[in-house]
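Step one of this worksheet: look at the structure below.
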Amino acid sequence: MIALASNFDFQTAMIWLVAFIISSTVHEAAHAFAAKLGGDLTAYRMGQVSLNPLPHIRREPYGMVVLPLISLFLSGGTYCMGYASTPIDAIWAYRNPRKAALMSAAGPIANVLLAAVAFGTIASLGGAHSSSADAAGKIANVFLALNLLLFVFNLIPLPPLDGAGVVRGLLPATRNVFDKLQNLPYANILTFVIAIKVVPLLYYPLMSWVTGLLNHLR
């Protein structure tokens, strides 16, 4: 029998899990919606132009549920990580590079919008001290931190991340480079390792700036 650590924070764990599922759902639904607008109905036909998490969870049950639960367990309930995906017609993306770039950018843009809502919520609660306001503030802080992290992480220009799709679409001359990177052995693992090194250099200054702005508004 495996016992949870005595300091395991169930409340924070649930907030992180729900925030991750909602944020990932909105991110992938934005990809799917942008693809549909651009003429690729692949994700639409699979039910992913939806804010219902179930179609997205069915596509990536490990990335959206199992891995977040494992990471929550390992972090004592204070952090979770995972992944999700949206099916895209590669031929459509090749023939419509600009539309494919917009589709790739739609997910991170959705995360910025969620972070903006969280930012506004935290700012509006700045002078409140009730328990309900404290709870709402805690939830908003998790949404803010998580969505800024998803924004920064996904815009790294390495496949299979969204940043690579944006660059590939806007600069078609880079297609061969990204194709070669994508076909490298263990390319996804290599991207993940690089991202672990790069993300903190971008995320922490951004989060520090946002936090400073919030403190100034209070």
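Read-outs throughout are calculated quantities, based only on the coordinates presented, and are distinct from any laboratory measurement. In this text, all values refer to a predicted model and were calculated from it rather than measured experimentally. Virtual Cβ from ideal backbone geometry, glycine too; neighbours counted across all protein chains shown.
Looking across Val112, Val117, Val199, one residue alone is of a type in the set (Val, Ile, Thr), closer than 21 Å to His216 by Cβ and in contact with a helix residue (DSSP H, G or I) (Cβ under 6 Å, 6 or more places away or on another chain). It is Val112.
Counting the residues of the range 86-112 that are within 12 Å of the chain's Cα centre (by Cα) and free of Cβ contacts under 8 Å to residues at least 60 places away in the same chain gives 1. Scanning the range 159-192 for residues that are hydroxyl-bearing (Ser, Thr, Tyr) and loosely packed, with under 14 Cβ neighbours inside 10 Å yields one hit, Tyr186.
Ile109: buried (at least 20 other Cβ atoms within 10 Å of the Cβ) and of a type in the set (A, V, I, L, M), yes or no? Let's see the steps before the verdict.
On the way: buried (at least 20 other Cβ atoms within 10 Å of the Cβ): no; of a type in the set (A, V, I, L, M): yes.
In short, no.
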